[in-house]
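Here the structure comes first, spelled out in structure tokens, and everything after it is commentary.
Readers should treat all values here as calculations from the given coordinates under stated rules, not as data from a laboratory. Owing to the predicted nature of the structure, the values given are computational and were not obtained by experimental measurement. With ideal geometry, Cβ positions are generated from the backbone for all residues, glycine too; neighbour counts draw on all protein chains shown.
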Ligand SMILES: Nc1ncnc2c1ncn2[C@@H]1O[C@H](COP(=O)(O)OP(=O)(O)OP(=O)(O)O)[C@@H](O)[C@H]1O
Ligand SMILES: [Mg+2]
């Protein structure tokens, strides 16, 4: 069975307390019994002494007539059950129960006679049970007694039946009520212990666990409330600091990633533009090359001055070099286009918008998706279409100063697929709308925009059998509409 830290602590502390209390009660009980035994002994001795003093007085002053009365006085004590005086044979001479007089002690009590007879010159205190004593004390023949009792050592025996059950049961009652009180205290202590462990250990641990789970789920803005100044408070503070650092790093990574995406886009386009340029120059240099060769041939045929041919050959040499440079560029820029695949537009739009999660949150921009219920499939290259959407969403975000809405919608339209990205940002002037797809057109600050975004978008859409249009109103917002042709791929793809 798996026990929580709280239960383990609780069980350990509780068992420790119970163990300590049991030890205390054990020794308290041992001591109480020892004290009771010592008190019983003292009581017996003092009663005997009292009787002996009383007996001397009775014998000397009333010649033994009041011995019975003296026994009655002794027996009045609640601990003394019976008091008797025996002779040396064990006959009861005096007893508080007059019917016993003349009988033998063995007959009137159930005491094992072998243990007490013959009476010797000593006191016998026999314990009959936990609280009952059978006592025999020799009554010695003192000097003042010898006037009547001659030549004897012992004149008789005082015999007492003493019962301390009352005192024992009182002590047991006190002991039991003490136990009950302790049990009540223990239960109260258990509740207190539970409460202390819960508030000092379990509840702070639960808060930290919850915090860790939230971070695990990606809720990096979750913080544990710091309510205490102790070690737990310090742990909570460090947790919050750690979450803060993770959040900062995540934002930094996202920003870098985002910036990287934009840079890659631009580098690819510049590469493409350069190779196009090289291709064109190559075409013209080929024409130039053949024309110059023709002129050199013509100069030779027409015997033109030597200087003409030399100059033309030098121009030809430069043309060859120029062609070598452009061919080199073309050789390095040959790319291996990725094949087209079926793309789920709704999924791609969703995952692309996800990239902007933290930027959107920071600028308080709400993204609304309005998608037709059916699957919207197009043929194309997913990485290129992702670049298109990244550029359009980036522009929409840039156009909203703070707080705004971007609506991303997708639907089927006459067999074609339509995607719209609409924002309520600053909009574009009528004059600028005509220029936005041109390379290097930007209204953004130097370093912020290169003006290649929409140029790239247009080219990529053409490659993916789609077109784009822009409608905008200054101060109201902008909407870009993309139409994907009903293109089903090449004949090989369809097979
Ligand atoms: N949604 C829009 N709202 C307002 N203006 C826009 C929007 N989209 C584009 N523009 C305008 O079109 C211009 C060209 O956009 P484009 O994406 O080609 O370049 P850019 O955003 O300026 O720079 P970058 O090369 O970094 O994308 C922008 O500078 C901006 O003036
Ligand atoms: Mg842009």
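Quick check on this structure: which one of 341, 368, 359 is closer than 18 Å to residue 476 by Cα, in contact (Cβ under 8 Å) with a residue 12 or more places away in the chain and surrounded by fewer than 19 Cβ atoms within 10 Å (Cβ to Cβ)? When all the criteria are applied, what remains is 368.
Of all residues in the range 423-437, those satisfying the criterion of being in contact with a helix residue (DSSP H, G or I) (Cβ under 8 Å, 6 or more places away or on another chain), in a loop (DSSP other than H, G, I, E, B) and within 13 Å of ligand 2 (Cβ to nearest atom) are 425, 436, 437. Candidates 427, 415: the one that is on the phi > 0 side of the Ramachandran plot and within 13 Å of ligand 1 (Cβ to nearest atom) is 427.
Screening residue 444 with (1) within 12 Å of ligand 2 (Cβ to nearest atom); (2) crowded, with 19+ Cβ neighbours inside 10 Å gives one miss only, at (2). Would you confirm whether any residue within the range 469-486 is free of Cβ contacts under 8 Å to residues at least 40 places away in the same chain and either touching a helix residue (DSSP H, G or I) at 6+ places or on another chain (Cβ under 7 Å) or part of a strand (DSSP E or B) (or both)? Yes, because at least one residue in the range 469-486 is free of Cβ contacts under 8 Å to residues at least 40 places away in the same chain and either touching a helix residue (DSSP H, G or I) at 6+ places or on another chain (Cβ under 7 Å) or part of a strand (DSSP E or B) (or both). Screening residue 398 on (1) assigned to a helix (DSSP H, G or I); (2) under 17 Å from residue 480 (Cβ atoms); (3) in contact with a helix residue (DSSP H, G or I) (Cβ under 9 Å, 6 or more places away or on another chain) shows it passes everything except condition (3). Cβ separations smaller than 6 Å between residues 6+ apart or across chains give the following pairs from the range 449-465 residues that are under 17 Å from residue 433 (Cα atoms) to residues that are within 13 Å of ligand 2 (Cβ to nearest atom) and in a helix (DSSP H, G or I): 450/266; 452/266; 452/269; 453/391; 456/265; 456/269; 457/388; 457/391. Residues in the range 401-421 that are in contact with a helix residue (DSSP H, G or I) (Cβ under 8 Å, 6 or more places away or on another chain) and away from ligand 2 (no atom under 16 Å from the Cβ): 4 in all.
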